[in-house]
Each structure stands twice: as structure tokens, then as C-alpha cells.
1. When residues of the range 72-86 are filtered for being within 24 Å of ALA105 (Cβ to Cβ) and outside any loop (DSSP other than H, G, I, E, B), how many remain?
2. Going through MET154, MET160 one at a time, which residue ends up being in contact with a helix residue (DSSP H, G or I) (Cβ under 8 Å, 6 or more places away or on another chain), over 18 Å from LEU84 (Cα atoms) and open to solvent by 10 Å² or more (accessible area, probe 1.4 Å)?
3. Any residue at all in the range 195-204 that is of a type in the set (Asp, Glu) and under 26 Å from SER31 (Cα atoms)?
4. How many residues does the range 6-26 hold that are open to solvent by 40 Å² or more (accessible area, probe 1.4 Å), in contact (Cβ under 8 Å) with a residue 60 or more places away in the chain and assigned to a loop (DSSP other than H, G, I, E, B)?
5. Are any residues in the range 179-224 open to solvent by 50 Å² or more (accessible area, probe 1.4 Å), part of a helix (DSSP H, G or I) and either within 24 Å of LEU134 (Cβ to Cβ) or among the hydroxyl-bearing types (Ser, Thr, Tyr) (or both), and if so, which ones?
6. Can you tell me which residue is surrounded by the most Cβ atoms within 10 Å (Cβ to Cβ) among those in the range 95-123 that are charged (D, E, K, R) and not in a loop (DSSP other than H, G, I, E, B)?
7. Spot the failing condition for MET57; the list is (1) of a type in the set (A, V, I, L, M); (2) surrounded by fewer than 11 Cβ atoms within 10 Å (Cβ to Cβ); (3) within 23 Å of ALA149 (Cα to Cα), and only one is missed.
8. Please specify each residue of the range 127-146 satisfying the condition of being assigned to a strand (DSSP E or B), among the charged types (D, E, K, R) and at pLDDT below 95.
Amino acid sequence: NHRPDLWGHYGFARELAAIYGRELKPVGVPSVLPKDGKQVAIQIDDKDACPRYCGLMIDGVNSGESPNELRWQLQAVDQRAINLPVDLTNFVMLDLGQPMHAFDARHVGDSDICVRRANDGETITTLDGQERKLDDKDLLICAGGKPEALAGVMGGEGTMVEEGTTSLFLESANFRHSVIRRTTMRLGLRTDASTRFEKAQDPANAETAVHYFLSLLQGYCPSA
């Protein structure tokens, strides 16, 4: 299936609603965000490669085991449960088709976020512990100039949300399909996220996914 809207359960629901003339229940209803929250500066050096980037700091998060209902739903589609924030990003991805990434905010700190092309020969060690040698056609997510993720493919080692994490930097972005496809083919690294970005996701989904994540998180973790 090469239709990007059908890489999530909600896309199928929308398709069936259109075919049968049924009402489609909305998801990702905009949340009211506090005006006094921490501001994160985001710089996109190549807006053709990254047309949309949403980032949000979230405090007061419980990073323990997810409730059974969420774990069972993920297990039903062969997704391994990890912890509440990560499980929710995977749930949103599987429902909307929009990949997201939750960073432990301690690794981002007070740094600005920059989306840039890699330098030729630059390296990043990804979450699977493998050092990846990049070229200037690959795309990176950086904090304070340091690469923290291989955009649209996999986060960097050490940035993962773990037990004891109480603050998140939530990323929901859109990346040009040809950029992600080239990187995954050259590195031999395909992930759930890259498989969806390769299909040319709708940039509007990035913001919708943030609000959907927040509504789910507040239901499971009211302190956030």
C-alpha cells in the first residue's frame, strides 16, 4: 500500500466513512497550551527536506509501565510495550500514521533545536547502538549543535525516555519522502517511522498528532 493516509487505523476509518457516508469522529482536537511554558527555539535549515516541525516540552510525566489496556492494544498489532510516553507515541503513529519521537528532555536541556543536513563523514550512534556514517544528503535533528536523531528514521543513543524520566521533548515533524528513502536505502536501516515517511505523509498530521498525544497522556497521567 503506497497511500500514506492508509498507514494508520484512522485513515482506514476515514476512507470507510467516505465510502459509506458515515460520520467520522475527530481525533487530535486542539489542546489549550499554557502561555508560560518553556519556549524552545527551532531552526530548520532545509525547509524542503523538513516542511513542518512541531516540538513541545512536557513536564510532570510518569515514565513507568503503561496500563494494561494500552499494552494489550499495542500487543494486538505486534508492537512491544516499553513505557508510557514511548507507548503513546507508537499508539499515535499506528492510529494516525504520523511517527513521533519522545526525547528525555535532559538530553535537550536549554539548547535550541536545529534540523540540518549532516556534514559529509559525520557520524551518529542510533538507538540500536550502531554508529552510522552519514553524508551531506542525510538529515539530522540537533540540540545545541549535537546530533540527537537521524531525522525520520531513528533517535540517537542515550536520548530515549527511561524509568525516571519526568520531562519530555516531544517531536512531531514532516520530512520529505525522497530524503528519508535515500537515507534508509543507503544505510540499510528501515524503521516503522521511515516506512511511513517514505510514503509522503501530510504535513498537517504533525500538529494533529501532538494534540492527540497530549489528550491521551493527560488521560493516563493527569500531572503532565
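The values are calculated or read from the model by the stated rules, or taken from the named source; none is laboratory data. Source: prediction; values computed, not measured. Neighbour counts are summed over all protein chains in view; Cβ atoms, including those assigned to glycine, are modelled from backbone coordinates with ideal geometry. All accessible areas refer to the heavy atoms of the entire protein, side chains included, with ligands and DNA or RNA removed. Shrake-Rupley method; radii C 1.70, N 1.55, O 1.52, S 1.80 Å.
1. Adding up the residues that qualify gives 4.
2. Result: MET154 is the single residue among MET154, MET160 that is in contact with a helix residue (DSSP H, G or I) (Cβ under 8 Å, 6 or more places away or on another chain), over 18 Å from LEU84 (Cα atoms) and open to solvent by 10 Å² or more (accessible area, probe 1.4 Å).
3. Within the range 195-204, one or more residues are of a type in the set (Asp, Glu) and under 26 Å from SER31 (Cα atoms).
4. Total meeting the criteria: 1.
5. ARG181, ARG182, MET185, ARG186, ASP192, SER215, TYR220
6. Initial filter on the range 95-123 (charged (D, E, K, R)): 95, 104, 106, 110, 112, 116-117, 120, 122.
Then drop every residue that is not not in a loop (DSSP other than H, G, I, E, B), which leaves 95, 104, 106, 116-117.
Details: ASP95: 19, ASP104: 21, ARG106: 14, ARG116: 18, ARG117: 18.
For the range 95-123, the residue satisfying everything is ASP104.
7. For MET57, the failing item is (2).
8. Taking the range 127-146 and keeping what is assigned to a strand (DSSP E or B), we get 131-133, 139-143, 146.
If we keep only those that are among the charged types (D, E, K, R) too, we end up with 131-133, 146.
Across the range 127-146, the qualifying residue is only LYS146.
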